[in-house]
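Chemist: Before I ask anything, let me first share the structure, which is written out below as C-alpha cells.
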Amino acid sequence: MDLTLSPEYAAFRDQVAETLKANAHLAPGPDDKGLKHPKRLAWQEFLIREGLTARTIPTEFGGYGAEPDILKSRIIAEEFARSGVPRPLAGQGISMLVPTLLELGTPEQKEAYIERTLKGELIWCQGYSEPGAGSDLAALRTRAVEDEDDFVINGQKIWTSTARQADMMFCLVRTDPNAKKHHGITYILFPMDTPGIEVRPLVDMTGSANFNEVFFTDVRVPKSGVVFEVNKGWQVANATLTHERGMLGDPNATKARFIELVELMKVETVNGQRLIDNPVLRDRLMTLQAEVYAMQANGLRITTNSLKGEAAGLAGLVVKLQGCELNHQIAALAIDALGELGILYEEGEHLRSGGAWQWRYMYDLGLIIGGGTAQIQKNIIAERGLGMPREPRLARS
Amino acid sequence: MEFGLLEDQVMLQETVRRFVAEEVSLDLVRQIAEGEIQVAETLAEKLTALGLDGLLVPEKDGGSGLGVLDAALVQECFGYGIVPARFLSNSVAAYALRDSGSSIMNDITNNDARFGIALNDFLSRRDGSGLSIRDEAVSGASLMAMDVARSTHLLFLANDTVRIGQVGSAEQVKTIDRTREFSEVTITSFEQQFTGAEIEKTFAVACILLAADTLGAAQCMLDKAVAYAGDRQQFGRVIGSFQAVKHLCAEMAAKLEPARALIWHAAHALDVQDDEALAMAFLAKAHMAEVGTFIAKTSTEVHGGMGFTDLVGLHYWYKRIGVNRQIMGAPMALRELAAQQQGLVA
Ligand SMILES: Cc1cc2nc3c(=O)[nH]c(=O)nc-3n(C[C@H](O)[C@H](O)[C@H](O)COP(=O)(O)OP(=O)(O)OC[C@H]3O[C@@H](n4cnc5c(N)ncnc54)[C@H](O)[C@@H]3O)c2cc1C
C-alpha cells in the first residue's frame, strides 16, 4: 500500500490543479445550455489541448496523444472532482462509441467520426433498447435486410437519449433472424437525417424529453456503416457496455456531489440553524461519507488492478450498482435537508443550486435503471462474481 | 501509487488463514464458548507460538514493527474463524505504548505481558462506568473491558488519557458472544509515569481492528450462504438458482467488497498519519458495523431454519458481529465523532 504520488505524478497533479483553477472562467456556466453551445465546445477544445480529456486518443484522431497512463487519468478525474470545475463533455458518443471505434472501427470510420465526436461537433445516440428488448437486449427485432451495398432497416427503438439532438446513431439491428439470438445482430452507424427515420420525444419524470422513440421505415443506410462484422454486433455492443458501466459508477463524480452536499448543509439554514447542525441530518451525511470513502477506496483498488494488468473481480462488478445507488442517496439527503424548498422546481427565487438536486433526485433514479438495471447488476454479481448458478437450472438429482 | 497488499502481507494473511482453518474448528470454539478453560488455554498457547502479539511493537523494542494494516489483515482472519484471541487487545496496547520506550513492549512480544483493554468509556460511558484518577489513585469501574481473564495488564482510559494498570476486581459479564470475554473491572495500581498515545489514535486502532474482525466474520457468513445456496435443493432446484436468494447474496457482496477497500485505506491512513485518518477510522468501524449487521441477518435468512439453529453454529458469527457493532463505539456515536473530527459540529 503506497498512496503517495511519485514526484513526477505529484507535479502532474499540481499542474492539473493549477490549469483548472487558472482557466475556470472559460468553463460553461449553468445557463450555457444546449449540447453544442459555443462555450461548451470551446471548453472541450481547451481541455483536449491541455490533455485533460481525450488524453490517450492519438492526435491523428483529434486526441491529445499521450501514452496510456491510468494513474494520470485518475489524477485528472480527481482534480475535476476536487475543484468542482465543469467536466469535459461525456455524451454517449464520446464515452461509448469512440472507444468502440478505436478498438474495432475501420480506418475510414475512425477518420470520419472520432475527431468530430471528441470536439462535441458530432452528437450520437445509442439505439439499443426496443419495446420488446430492454434487459433482454439480445431479443431485439429491428430488422436490417441486405440490398446490394446497403441495409434497409425497419422497426423501432425506444428510450433513445438525445435522439433529437443527435447527428448520428450507433444502432443494433437484426441481420440474421434464423441464427441464435446473440448471433444474428449487427452494430451499424448512420446519420439521423436519413429518410425514413422518425423521432418522437418521450417526456420522462424530470419533465423534459431526455429520451425518445425512434421509428424506422425502409431506412436505407450504406453497409460501410457496419462496425466490425455483420452478425458480430453483440461482441461490439458488449465492448461498449463495459465503457458505459464504468462511466455510470465513477466514484470521483460521486465525491464531487458529496462535497457539494456538505457545502449546501453548511450554508443553508432552517429556523435559524444550519442544516449541518441538525444531528439527524448530520448522521445521514456521515453515513453517506463512509460510503463515498468506500467507493473511492474501491476505485483505487481497481486502478491498481488495471495498472498491474489484473482483473478487478468483484470490486469491479459492484461499481455500477453501488455507485448509482449512492448518487441517488446523496440527492435524496439534499432534498430532505432542503425540505419544502426541495419541492421547488425549475425556477423561482427560492430555488437552491439552480434546482440541481431536484433534477438529480429524479434523473439518478433513471441511471439506476438505465445501462443495466440494479436487478440485472445483481444477477451479474451473483453469477460472475460469486459463481452462483444461472437460471433456470434444475437441481442436481 | 499502489492500492493493494504487498506480497509479505498476502503471505502473512495466508499463514494466519491456514492456522485458523487447521486449528480453530467450530467445535473447538464451541468448547471454549461453553467455558472449557483448558481448551482455551491450549489454543492461547498455540496462538502465542504464532508470534503475532508483538506485531505492532517497534523492532527496536523487540517486536515486528509492522503497521495497523498488517494487524487488520490478521484480525480479519480471526474474525473469519471467530477465533478467541488476545491479538486485538495486545495490538491496541502495543500501539498505545509505541513511542514510550517501555520494556512492557518486549514483554508483549514474549507473552510475558498479556493485555486486556478498557476503552469503551471513551465514547459511551454508561451509568456506573468510568475510571478516574485523583491523588494518584484510580477510582470507579469500567464496564465491558475486554480480554481481562488471564491478562497481566490493563490498558485503560482515565481523565482523557490512556494508562496502564493492574486489575483489582474483575467480574465477567455475560454477553451474547461467548467467543470473547468481557468484564467489569476496577484498578488497584497503575504506572504513574506512563501515558500512552492520544486516546483518539488509540481508539482509532481499536476501531480498525474491530472493523476488520467484522469484515472477516461477514466474509465467512457470505461464503457460507453462497455454499449453502449451491447445495440445498427445494422445488427440484438448488436454491441458489432462485433470484430472490441470488440477489441477497449479490447485495451482501456488493456491500462487503467496497467495505474491505475502506478498511485497508483507513488502516493505511493511520500508518502514514494522513490528515483524514481518524475520521476515516471512525467511519470505517461505523460502516463495517452496518454492512456486517446486514450480512449477519441476510446470511442467516439464506440458510432458512437451519440458519437459526445451534446445529450449524451460524449464530456465533451473528453474535460476534453484533458485539463488534456495539462495543467501543456504536455506529451513530462514531459518525458524530467523525463529524467532530472534521469540524462539522458547531
Ligand atoms: C435514463 C435512461 C436513459 C436511457 N438511455 C438509453 C439509450 O440512450 N439508448 C438505449 O438503447 N436505451 C436507453 N435506456 C434503456 C435502458 O437500457 C433500459 O431501460 C434498461 O436496460 C431496462 O430495460 P427495460 O426498460 O425494458 O426494463 P425491463 O427489462 O422490462 O425491466 C423491468 C423490470 O424487470 C426487471 N427484470 C428484467 N429482466 C430481469 C431478469 N432477468 N432478472 C431480474 N429482473 C429482471 C428489471 O430489473 C426491472 O426492474 C435508457 C434508460 C433510462 C432509464
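The values are calculated or read from the model by the stated rules, or taken from the named source; none is laboratory data. Everything quoted here is computed from the prediction, not taken from an experiment. Note: ideal-geometry Cβ built from the backbone for every residue, glycine included; neighbour counts use all protein chains shown. Heads up: the accessible areas ignore ligands, DNA and RNA and are worked out on the full protein's heavy atoms, side chains in. Shrake-Rupley method; radii C 1.70, N 1.55, O 1.52, S 1.80 Å.
Chemist: How much of the calculated P(r) for chain A lies past 32 Å, in percent of all Cα pairs?
Modeler: Details: 31586 of 78606 pairs.
For chain A, the fraction of Cα-Cα distances above 32 Å is 40 percent.
Chemist: Is the shape of the stretch A:124-230 best called rounded, prolate or oblate, per the rule: a/c under 1.5 gives rounded, else a/b larger than b/c gives prolate, else oblate, with a ≥ b ≥ c the square roots of the Cα gyration tensor eigenvalues?
Modeler: Cα axes put the stretch A:124-230 in the oblate bin.
Chemist: To continue, here is another question. For the stretch A:248-385, state the average projected area of the convex hull of the C-alpha atoms over all orientations, rounded to one decimal in nm². Walk me through the intermediate numbers first.
Modeler: Values: hull surface 36.1 nm².
The orientation-averaged projected area of the Cα hull of the stretch A:248-385 comes to 9.0 nm².
Chemist: What are the residues of the stretch B:332-346 that lose 40 Å² or more of accessible area, with a 1.4 Å probe, going from their chain alone to all protein chains?
Modeler: Relative to the lone chain, where solvent access is computed with a 1.4 Å probe, the stretch B:332-346 loses at least 40 Å² at B:R335, B:L344.
Chemist: What trypsin sites (Lys or Arg not before Pro) does the stretch B:138-224 have in DSSP loop regions with at most 16 other beta carbons within 10 Å?
Modeler: Answer by residue number: B:R150, B:K174.
Chemist: Then there's this: Could you give each residue of the stretch B:239-247 its phi-based ³J(HN,Hα) in whole Hz, using Karplus coefficients 6.51, -1.76, 1.60 with θ = phi - 60°, and x for Gly or Pro?
Modeler: 5, x, 8, 7, 4, 4, 6, 4, 5
Chemist: Let me ask you something else. Would you jot down the residues in the stretch A:289-311 that end up with at least 40 Å² less accessible area in the complete protein assembly than in the chain alone, with a 1.4 Å probe?
Modeler: Relative to the lone chain, where solvent access is computed with a 1.4 Å probe, the stretch A:289-311 loses at least 40 Å² at A:A290, A:Y293, A:A294, A:A297, A:L300, A:R301, A:T304.
Chemist: What Kirkwood radius, in Å to one decimal, follows from the Cα pairs of the stretch A:338-397?
Modeler: On the way: mean 1/r = 0.0675 Å⁻¹.
Every distinct Cα pair counted, the radius reaches 14.8 Å.
Chemist: Let me ask something else about it. Quick check for you: with a 1.4 Å probe and neighbouring chains kept, what is the accessible area per residue of the stretch A:42-111, in Å²?
Modeler: 43 Å²
Chemist: Moving to a separate point now. What spacing in nm lies between the two simple spin-label points modelled at B:N106 and A:E229, each 7 Å away from Cα in the Cβ direction?
Modeler: Taking the simple label geometry, B:N106 and A:E229 are separated by 7.4 nm.
Chemist: Moving on to the next point. Please identify the GluC sites (Glu not before Pro) of the stretch B:1-67 that satisfy two criteria: DSSP loop assignment and at most 12 other Cβ atoms within 10 Å. Which are they?
Modeler: For GluC sites (Glu not before Pro) across the stretch B:1-67 that sit outside H, G, I, E and B with at most 12 neighbouring Cβ atoms in 10 Å, the list reads B:E34.
Chemist: What number, in nm² with one decimal, is the all-direction average of the projected area of the convex hull of the alpha-carbon atoms of chain B?
Modeler: 18.5 nm²
Chemist: Chains B and A: what accessible area do they bury, summed, in square angstrom to the nearest 100, with a 1.4 Å probe?
Modeler: 4400 Å²
Chemist: Suppose the chain between A:R116 and A:A66 were pulled fully straight at 0.36 nm per residue; how much longer would it get relative to their current alpha carbon spacing?
Modeler: 16.1 nm
Chemist: Treating only the Cβ atoms of Lys and Arg (+1) and Asp and Glu (-1) as charged, compute the dipole magnitude of the protein assembly as shown about its Cα centre; round to the nearest 20 debye. Before the final figure, lay out each step's value.
Modeler: Numbers: 72 positive and 96 negative charges, 327 e Å.
I would put it at about 1580 debye.
Chemist: With a 1.4 Å probe and all protein chains left in place, how much accessible area per residue does the stretch A:229-379 have, in Å²? Mind showing how you got there, number by number?
Modeler: Working: 6420 Å² over 151 residues.
Normalised by residue count, the accessible surface of the stretch A:229-379 is 42 Å².
Chemist: Please calculate how many Å² of accessible area the stretch B:1-149 carries per residue, with a 1.4 Å probe and no DNA, RNA or ligand atoms counted.
Modeler: On the way: 6510 Å² over 149 residues.
So the stretch B:1-149 comes to 44 Å² accessible per residue, rounded to a whole number.
Chemist: Okay, moving on. Where does the longest stretch of chain A lie that holds no GluC sites (Glu not before Pro) found in a DSSP loop with 15 or fewer other Cβ atoms within 10 Å?
Modeler: Of all site-free stretches, the longest is A:1-120.
Chemist: From the Cα gyration tensor of the stretch A:36-83, with a ≥ b ≥ c the square roots of its eigenvalues, which class applies: rounded if a/c is under 1.5, or else prolate if a/b is larger than b/c, or else oblate?
Modeler: Note, shape of the stretch A:36-83 comes out oblate.
Chemist: Here's a follow-up. Just to confirm the filter: which trypsin sites (Lys or Arg not before Pro) across the stretch A:1-85 are DSSP coil and have at most 11 other Cβ within 10 angstrom of their Cβ?
Modeler: A:K33
Chemist: Now for a different question. Looking at this model, which pairs from A:K232/A:K255; A:K320/B:K224; A:K157/B:K255 are more than 31 angstrom apart at the alpha-carbon?
Modeler: Violating the 31 Å limit, Cα to Cα: A:K232/A:K255; A:K157/B:K255.
Chemist: Under a point spin-label approximation (7 Å from Cα along Cα-to-Cβ), what is the B:E34-B:E14 distance to one decimal in nm?
Modeler: 3.7 nm
Chemist: Reachable lysines from A:K33, Cα under 18 Å, same-chain residues fewer than 8 places away excluded?
Modeler: The reachable lysines, counting only those whose Cα sits under 18 Å from A:K33, are A:K119.
Chemist: On the protein heavy atoms, probe 1.4 angstrom, tell me the percent of accessible surface of the stretch B:99-153 carried by carbon and sulfur.
Modeler: Here carbon and sulfur together make up 38 percent of the probe-accessible area.
Chemist: For the stretch A:271-277, what does the Karplus curve 6.51 cos²θ - 1.76 cosθ + 1.60, with θ = phi - 60°, yield as ³J(HN,Hα) per residue in whole Hz, taken in order and with x for Gly and Pro?
Modeler: 6, x, 10, 5, 4, 5, 7
Chemist: With +1 assigned to the C-beta of every Lys and Arg and -1 to the C-beta of every Asp and Glu, and no other charges, what is the dipole magnitude of the stretch A:248-385 about the Cα centre in debye, to the nearest 20?
Modeler: It works out to roughly 560 debye.
Chemist: Label-point separation (nm) for A:E108 and B:A137, each offset 7 Å from Cα along Cα-to-Cβ?
Modeler: With each label point 7 Å from Cα toward Cβ, the separation is 9.8 nm.
Chemist: Would you mind classifying the protein assembly as shown by shape? Square roots of the alpha carbon gyration tensor eigenvalues, ordered a ≥ b ≥ c; an a/c under 1.5 is rounded, otherwise it is prolate if a/b is larger than b/c and oblate if not.
Modeler: It comes out prolate by the Cα gyration axes.
Chemist: Given the options B:M288, B:F242, A:P58, identify the residue whose Cα lies farthest towards the positive end of the charge dipole of the protein assembly as shown (+1 on Cβ of Lys, Arg; -1 on Cβ of Asp, Glu).
Modeler: In the protein assembly as shown, that residue is B:F242.
Chemist: While we're here: Provide the net charge surrounding A:K180, with neighbours chosen by a C-beta distance below 15 Å and charges set as Lys +1, Arg +1, Asp -1, Glu -1.
Modeler: +2
Chemist: Right, another one. Would you kindly derive the ³J(HN,Hα) couplings of the stretch B:139-152 from the backbone phi angles with the Karplus curve 6.51 cos²θ - 1.76 cosθ + 1.60 (θ = phi - 60°), listing them in order in whole Hz, with x for Gly and Pro?
Modeler: 10, x, 9, 10, 7, 6, 6, 10, 6, 7, 4, 6, 8, 10
Chemist: Follow-up. Report, by chain and number, residues whose modeled amide H sits under 5 Å from the one on A:C125, excluding near sequence neighbours (fewer than 5 apart, same chain).
Modeler: Placed amide hydrogens put A:M168, A:M169, A:F170 under 5 Å from A:C125.
Chemist: Project the alpha carbons of the stretch A:6-118 onto their principal axes and report the range along each, largest first, in whole Å.
Modeler: Dimensions of the stretch A:6-118 along the principal axes of its Cα atoms: 39, 38, 18 Å.
Chemist: Express the carbon and sulfur contribution to the solvent-accessible surface of the stretch B:200-341 as a percent, rounded to the nearest whole number, probe 1.4 angstrom.
Modeler: That fraction is 55 percent.
Chemist: Can you tally the net charge around A:R384? Count Lys and Arg as +1, Asp and Glu as -1, for every other residue whose Cβ sits under 12 Å from the Cβ of A:R384.
Modeler: Residues near A:R384 contribute +2 overall.
Chemist: Sticking with this one: For the stretch B:1-89, what % of the accessible area comes from carbon and sulfur atoms, probe 1.4 Å? Before the final figure, lay out each step's value.
Modeler: On the way: 1980 of 3920 Å².
Of all accessible area on the stretch B:1-89, carbon and sulfur atoms account for 51 percent.
Chemist: Related question: Per residue of A:48-57, how many C-beta atoms from partner chains lie within 10 Å of its own C-beta, taken as a mean? Walk me through the numbers on the way to the answer.
Modeler: Numbers: counts 0, 0, 0, 0, 0, 0, 0, 0, 0, 0.
That works out to 0 on average.
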